[in-house]
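Heads up: the structure comes next, in structure tokens.
The values are calculated or read from the model by the stated rules, or taken from the named source; none is laboratory data. Quick caveat: nothing in here was measured; it's all calculated off a predicted structure. All Cβ positions, even for glycine, are placed from backbone atoms using ideal geometry, and neighbour counts span all protein chains on display.
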Amino acid sequence: MLDRNSIGFIAMVLMLGAAVSGAWVADVRAWDDTLYPDLKGQWRVVGGPMRFDPNKPWGPGQEAPLTAEYQAIFEANLKAQAVGGQGTTPTYTCLSPGMPRVTNGYGQIEFVVTPETTHVLVQHIHDNRRIFTDGRTWPADLEPSFLGYSIGKWVDNDRDGRYHQLEVETRHFKGPRAFDSSGIPLHNDNQTIVKERIFIDKSDRDLLHNEVTVTDNALTRPWTVSKRYRREPDRQPFWREVNCAENNNHVEIGKENYMLSADGLLMPTRKDQPAPDLRYFVQSKK
Amino acid sequence: MLHPSTIGVITRSLAFASMAVGIMPAVALAVALAATTAQGFDETKYPDWSGQWRRPPGVSIQWDPTKPLGRGQQAPLTAEYQALFEASLADQAKGGQGEDARFTCIPPGMPRIMTIVWPAEFVILPKITYVNFENHMPRRIYTDGRSFPTNEEPSLMGYSIGQWLDTDGDGRYDTLEVETRNLKGPRTFETTGLPMHKDNKTIVKERITLDKGDPDILLDEITTIDNALTRPWTVIKKYRRYRDFIWVENNCAEGNAHVGIGKENYMLSADGLLMPARKNQAPPDLRYFQQR
């Protein structure tokens, strides 16, 4: 990272200061945020947030490179959704969609860049990511999560003295997760690895690119898609509070999902769905 | 070409030299380099609130941490809201949730979120301070001099405007004063259902500062003005800093055994069946299902 001339120059300056003062200044927390790209503001996905690849149609049109086993799971999921079920997409209960689905941009997005961490705040449930850029390595013993554990590195690709690109790798997942609302599945072994390259468009500073590559055992090869996010022109944007659990009409009882009607009563989500078992209620024994 | 991190180190190194000894060559060089890096964020002007903050050991999830939950809080409620509170306690005693809507996993909102049931993090930038929570969307406290919006959708977290203060005149900020408005409900002070007024005209004022005797204790003096109260209610929350920590993903909906159907709350049994939350609770109305 540091070339010899730079190191020599720094050493000279430090020696100069220390020699004259005889002491170090204690607080060295200042950092230069101008070295990083300006990601401030509110970002919204370009294209539909319901699709993993925003450049292709929803569902089968995504042409996900699924293995035969997971293609069969995906198709069974589509049939379940067609008759009112949720298939392999678990988020109707307000679970976090996790990675990589969180990159689909279903909520307003904010990037908060600090030297040690870039926070990606997503206005939806609790889908905020921490991308650690402090040089740490993968923890040896970590509880897996829907969003995984992200380590990033800032890159100055054109060597102009400023960072332009954030490279991120995310591991340590748990499930269930799907690529998008159509239920394109990720492997149940949760060995997913997600790599991202996040950078501002060279000719449009209000356009952010995220090249996302997913390596997963449900796929026959790594799947790369390019996502784009547009910066809202209002520099004091309105952040909508999106509480999934608020007014969520989905009700899960056991392995069945039901809906709440407008009058607050339980109702089926598919034709001939049996009513929930009420054996634990006194009245149901009559 | 210098690497960005190299420039940062050089800038800081020059700053050391000039701050420590006031030598002109270092100042001149710093100025020259500053011209290439524009203005940086001098976080040394702000207090160090980095790390993970949790409730101190022994402090539970009550609103006023110095008093017991429930009636022990001695909340200055109006007669109307005291009655509502008593009804909430009575319902909870029978297995209901009373005024507390959190069982559905909606956020606690302000000011209850500042009980910090789960760990929190402060991220300070010049124009904004974020309070990130493990299990909720963040609070944004704007410190850019803006005023409250006149026509913005209310929220459970509200809209927070802050101001940094240098109370001891040492040239560094030490206290963040915050005012939060534009709230919606339902919100309560704590799990007992200690209510806030349904008109949602709550105003929350905070003074957040490090304990002068212990830099790993953060104090949040919170004053709530609400029409359910006979007077402003001030409590002081303490948070303890942990410097060696991990962040845990906390999904309220995951494994939540509460089920809300209409105005009733039920529970899920270990075998995944619906069961009553209180004695003699009627089962849900199943009129929309085909009778078999």
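Couple of notes before you dig in:
- Verdict on A:Arg240 being closer than 30 Å to A:Leu166 by Cβ, within 14 Å of chain B (Cβ to nearest Cβ) and either modelled with pLDDT under 95 or crowded, with 19+ Cβ neighbours inside 10 Å (or both): yes
- Listed by position, the strands (runs of 3 or more DSSP E) contained in region B:213-265 that have at least 1 residues being more than 30 Å from A:Pro268 (Cβ to Cβ) are B:214-225, B:233-242.
- Some residue of region B:136-148 being over 15 Å from the mean Cα position of the chain (by Cα), surrounded by fewer than 17 Cβ atoms within 10 Å (Cβ to Cβ) and either modelled with pLDDT under 95 or under 13 Å from B:Glu206 (Cβ atoms) (or both): no
- Unique match (being within 11 Å of chain A (Cβ to nearest Cβ), surrounded by 14 or more Cβ atoms within 10 Å (Cβ to Cβ) and over 23 Å from B:Asn250 (Cβ atoms)) among B:Pro195, B:Pro126: B:Pro126
- When B:Thr115 is tested against (1) surrounded by fewer than 16 Cβ atoms within 10 Å (Cβ to Cβ); (2) in contact (Cβ under 8 Å) with a residue 24 or more places away in the chain; (3) under 30 Å from B:Ile261 (Cβ atoms), exactly one condition is not met: (1).
- Condition check for A:Ser150: assigned by TED's automatic domain parsing to the domain that holds A:Pro115, touching a Phe, Trp or Tyr at 6+ places or on another chain (Cβ under 8 Å) and farther than 22 Å from A:Lys56 by Cα: yes
- Condition check for A:Ala68: modelled with pLDDT of 95 or more, assigned by TED's automatic domain parsing to the domain that holds A:Gly161 and surrounded by fewer than 13 Cβ atoms within 10 Å (Cβ to Cβ): yes
- Any hit, region A:223-232, residues being assigned to a loop (DSSP other than H, G, I, E, B) and under 23 Å from A:Leu121 (Cβ atoms): yes
- Inside region A:266-276, residues that are at the interface with chain B (Cβ under 8 Å from one of its Cβ atoms) and surrounded by fewer than 17 Cβ atoms within 10 Å (Cβ to Cβ) make up a count of 2.
- Residue within region A:193-212 that is within 14 Å of chain B (Cβ to nearest Cβ) and part of a loop (DSSP other than H, G, I, E, B) present: no
- Scope region B:97-112; condition assigned to a loop (DSSP other than H, G, I, E, B), in contact with a strand residue (DSSP E or B) (Cβ under 6 Å, 6 or more places away or on another chain) and either without any contact (Cβ under 8 Å) to a residue 60 or more places away in the chain or within 12 Å of another protein chain (Cβ to nearest Cβ) (or both); matching residues: B:Met110
- Residues being surrounded by 14 or more Cβ atoms within 10 Å (Cβ to Cβ), among the acidic types (Asp, Glu) and either over 27 Å from A:Leu95 (Cα atoms) or out of contact with any strand residue (DSSP E or B) (no Cβ under 9 Å at 6 or more places or on another chain) (or both) - total across region A:121-166: 1
- Test: residue in region B:271-279 that is surrounded by 17 or more Cβ atoms within 10 Å (Cβ to Cβ), assigned to a loop (DSSP other than H, G, I, E, B) and more than 7 Å from chain A (Cβ to nearest Cβ): yes
- Filter pass, A:Asn247 being assigned to a loop (DSSP other than H, G, I, E, B), under 22 Å from B:Ser155 (Cβ atoms) and within 7 Å of chain B (Cβ to nearest Cβ): no
- Scope region A:170-192; condition out of contact with any Asp or Glu (no Cβ under 6 Å at 6 or more places or on another chain), crowded, with 17+ Cβ neighbours inside 10 Å and outside any strand (DSSP E or B); matching residues: A:His172, A:Gly175, A:Arg177, A:Phe179, A:Asp180, A:Ser181, A:Ser182, A:Gly183, A:Ile184, A:Asn190
- Failed condition for B:Val259, given (1) buried (at least 20 other Cβ atoms within 10 Å of the Cβ); (2) of a type outside the set (Asp, Glu); (3) in contact with a His (Cβ under 9 Å, 6 or more places away or on another chain): (3)
- Only one of the listed residues (B:Ile236, B:Ile222) is in the same structural domain as B:Cys105 (by TED's automatic domain parsing), surrounded by fewer than 16 Cβ atoms within 10 Å (Cβ to Cβ) and aliphatic (A, V, I, L, M). That residue is B:Ile236.
- Residues satisfying the stated conditions in region B:177-191, i.e. closer than 17 Å to B:Thr104 by Cβ and either assigned to a loop (DSSP other than H, G, I, E, B) or not assigned by TED's automatic domain parsing to the domain that holds B:Leu77 (or both): B:Lys184, B:Gly185, B:Pro186, B:Arg187, B:Glu190, B:Thr191
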